[in-house]
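One structure is given below, encoded as structure tokens.
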Amino acid sequence: MDSIVLTSLIVSLIAILVIFTVLIVLIYTIKLLVRLIPYEEPPAQKITSETLPKTSPPSVSPDIISAITAVMATHLGKSPQEFHITQINPK
Amino acid sequence: MELTFGDAATKIIGSTGFSSLTLGDGTMILVACILLYLAIWKKFEPLLLLPIGFGCLLANLPLSMMASTDSGGLLNFFYQGVKYEILPPLVFLGVGALTDFGPLLANPSTLLLGAAAQIGVYTTLVGAVFLGFDLKEASAIGIIGGADGPTSIFIASKLAPHLLAPIAVAAYSYMSLVPLIQPPIMRWLTTAGERKIKMEQLKPISQTVKIIFPVVVTIVCCLMLPGVTPLLGMLMLGNLFRESGVTARLHETTETHLINIVTILLALAVGSSMTADTFLRLETIKIIILGLLAFCMATAGGVIFAKVMSKLSGGKINPLIGSAGVSAVPMAARVSQKVGAEEDPSNFLLMHAMGPNVAGVIGSAVAAGVFISLFGDPTVDSNHAEIATNIISTISSLPK
């Protein structure tokens with residue numbers, strides 16, 4: 001085999017090993033970081049009658065649908081992809 | 001001074017570009033028009049191909065002094081930003097400000113997919129050597145498989161500046177063709193059952209981790225591969241602007257105005273290097289073919305590695321996210337989502353694919369760092385230091 005082709009194969013092998021080494025070091029660093037600094041839920045805002053809008057909105061915003069989906073998923077123990085909200089009737 | 005009508009007419013005709021137009025110039029003007037057509041009507045990476053095409057057009061108009069080699073010309077000044085590796089890191093600064101590493105932090109093992117997709121880089125390197133390129137040139141061509149334009153330009157300008165134009169054009173052209181190149185390979189390498197795998201919802205990540213992450217990556221990667229510091233350092237600085245929450249103005253500037261301005265300068269500079277003598281060569285055709293091979297192998301490498309990870313995890317990973325390990329953010333992730341949704345419309349892979357997608361940015365930068373460590377010319381850095389010293393002394397000598 002031509003020496004330059006052999007060199008290129010060696011370079012490729014070494015380079016792949018280096019990339020995997022660097023990224024595996026990063027993976028464990030991230031795992032350590034995530035373990036040391038776990039996610040904490042932001043404190044829930046107290047909802048009082050004063051903070052609620054006086055008039056109901058004309059339509060349900062996507063943010064509200066996302067929030068309802070997240071709460072439903074937690075409550076039902078399912079992934080948000082497993083159910084679909086078809087109708088919301090504000091009272 | 002007396003001028004007859006004939007003399008005046010001859011002189012004026014002689015001063016027009018038509019008198020100096022060569023077949024090579026004409027062909028390159030045609031190439032520029034094709035790039036403009038692809039950008040405007042076919043919407044192939046228009047933000048880049050349009051200024052590259054126009055830069056190419058300007059560079060090939062005879063007597064216009066707009067080629068990158070025309071000393072004192074406008075685009076020659078822009079080209080200094082490529083030559084001295086200033087513009088690609090600035091693009092990375094903007095990319096960092098635009099990138100959310102949350103999906104990667106939530107599932108760090110997807111970093112391996114970013115590494116696996118770099119296999120395309122190395123198979124292409126071997127292929128390029130087979131086709132007669134030397135190792136430096138082959139490295140610069142191989143990095144096209146990283147699907148990262150700024151990294152390709154950075155490496156080409158460092159290791160094979162004479163191949164910069166075809167490498168940049170191949171990289172950006174194939175990036176725009178990701179939605180066409182990747183899906184057949186993804187379908188070919190996966191079964192319908194694998195494509196239907198639904199992945200668990202990603203865990204939320206603490207904001208503190210998101211802030212510490214860019215600092216840690218900079219320290220770890222740049223200590224291991226110092227050559228990659230300009231690219232990775234800027235990427236992580238941009239991300240720190242985003243996540244720190246205390247530099248809103250800098251974040252806003254880098255993710256909008258700065259990246260737009262730098263993209264214009266970079267693309268025009270690359271376009272200006274596309275002259276007949278650098279582009280109309282057999283090497284260009286070889287690079288175009290090798291670029292396609294690089295993209296295909298990178299996609300296949302990512303998907304195959306994701307299949308292995310899927311088997312090892314007991315079917316918790318959808319192999320389709322492996323193809324997003326090539327950089328091309330966020331297009332490659334969108335392709336994973338699209339191919340997954342074709343099999344099962346209720347399967348949402350986008351956020352899962354964003355992990356390997358941003359890992360691909362880091363992976364291609366690390367791959368570039370390996371090449372710089374192996375083939376980088378240390379005298380170039382000393383030249384930079386010399387230039388910086390000259391500039392500082394010139395500024396110091398200016399009257400106050």
**Asked** In deg cm²/dmol and to the nearest 500, what is the mean residue ellipticity at 222 nm of the protein assembly as shown if only DSSP H runs of at least 4 residues count, each as -39500 (n - 2.57), divided by the residue total?
**Response** -22000 deg cm²/dmol
**Request:** Using a cut-off of 13 Å between beta-carbons, work out the net charge of the residues near B:Met236 (Lys and Arg +1, Asp and Glu -1, B:Met236 not included).
**Result:** +1
**Message:** Let's see if you can work this out: charge +1 on each Lys and Arg Cβ, -1 on each Asp and Glu Cβ, no other charges. What is the dipole magnitude of the stretch B:229-384 about its Cα centre, in debye to the nearest 20?
**Reply:** 360
**Asked** From the cross-link list A:Lys31/B:Lys316; B:Lys158/B:Lys311; B:Lys83/B:Lys286; B:Lys43/B:Lys316, which pairs have alpha carbons spaced over 30 Å apart?
**Response** B:Lys158/B:Lys311; B:Lys43/B:Lys316
**Asked** Put +1 on the Cβ of every Lys and Arg and -1 on every Asp and Glu Cβ in the protein assembly as shown; which of A:Leu23, B:His257, B:Pro51 then has its Cα farthest towards the positive end of the dipole?
**Response** A:Leu23
**Message:** Tell me the accessible surface of B:His352 in square angstrom (1.4 angstrom probe, heavy atoms of protein chains only), to the nearest ten.
**Reply:** 20
**Complete:** Expected integer from the mean partner chain Cβ neighbour count at 10 Å over B:363-372 is 3
**Request:** May I ask you to give the solvent-accessible area per residue for chain B, in square angstrom, as obtained with a 1.4 angstrom probe?
**Result:** 42
**Complete:** By the Cα gyration tensor axes a ≥ b ≥ c (a/c under 1.5 gives rounded; else a/b larger than b/c gives prolate, otherwise oblate), the shape of the protein assembly as shown is prolate
**Item:** Straight-distance crosslink candidates among aspartates and glutamates, where the alpha carbon sits under 20 Å from B:Lys11 and sequence neighbours closer than 8 are dropped
**Value:** B:Glu2
**Asked** Other chains near B:204-210: what is the mean number of their Cβ atoms within 10 Å of each residue's Cβ?
**Response** 5
**Asked** Which of B:Leu57, B:Leu177, B:Leu49 moves most in a GNM of chain B, Cα contacts under 10 Å?
**Response** B:Leu177
**Request:** Please work out how much accessible surface B:Phe54 shows to a 1.4 Å probe, ignoring ligands, DNA and RNA, in Å² rounded to 10.
**Result:** 100
**Prompt:** Per residue of B:116-123, how many C-beta atoms from partner chains lie within 10 Å of its own C-beta, taken as a mean?
**Reply:** 3
**Item:** Electrostatic dipole magnitude of chain B [Cβ: Lys, Arg +1; Asp, Glu -1; Cα centre; debye, to 20]
**Value:** 1140
**Request:** Mind running the shape call on chain B? Use the C-alpha gyration tensor, a ≥ b ≥ c as the square roots of the eigenvalues: rounded below 1.5 for a/c, prolate if a/b tops b/c, oblate otherwise.
**Result:** prolate
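Could you run the numbers on buried accessible area between B and A, total for both chains, 1.4 angstrom probe, in Å² to the nearest 100? Could you put the intermediate results ahead of the total?
Values: alone 18460 and 9020 Å², together 24330 Å².
So the buried area, both faces added, is about 3100 Å².
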**Request:** Report the label-to-label distance for A:Ser66 and B:Lys316 in nanometres (one decimal), using points 7 Å from each Cα along the Cα→Cβ vector.
**Result:** 2.6
**the stretch B:85-201, accessible surface, carbon-and-sulfur percent (1.4 angstrom probe)** = 66
**Message:** If you average the alpha carbon positions of the stretch B:134-162 and of the stretch B:298-322, how far apart do those two centres end up, in angstrom?
**Reply:** 27
**Item:** Computed magnitude of the charge dipole of the protein assembly as shown (debye, nearest 20; Cβ of K, R +1, Cβ of D, E -1)
**Value:** 1400
**Request:** Sort B:Ile86, B:Ile287, B:Ile29 from largest to smallest accessible area, using a 1.4 Å probe on the heavy atoms of the protein chains.
**Result:** B:Ile86, B:Ile29, B:Ile287
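The values are calculated or read from the model by the stated rules, or taken from the named source; none is laboratory data. Not measured: the values here are computed from a predicted model. Note: ideal-geometry Cβ built from the backbone for every residue, glycine included; neighbour counts use all protein chains shown. We work out accessible area using only protein heavy atoms, side chains counted, and drop any ligands, DNA or RNA first. Shrake-Rupley method; radii C 1.70, N 1.55, O 1.52, S 1.80 Å.
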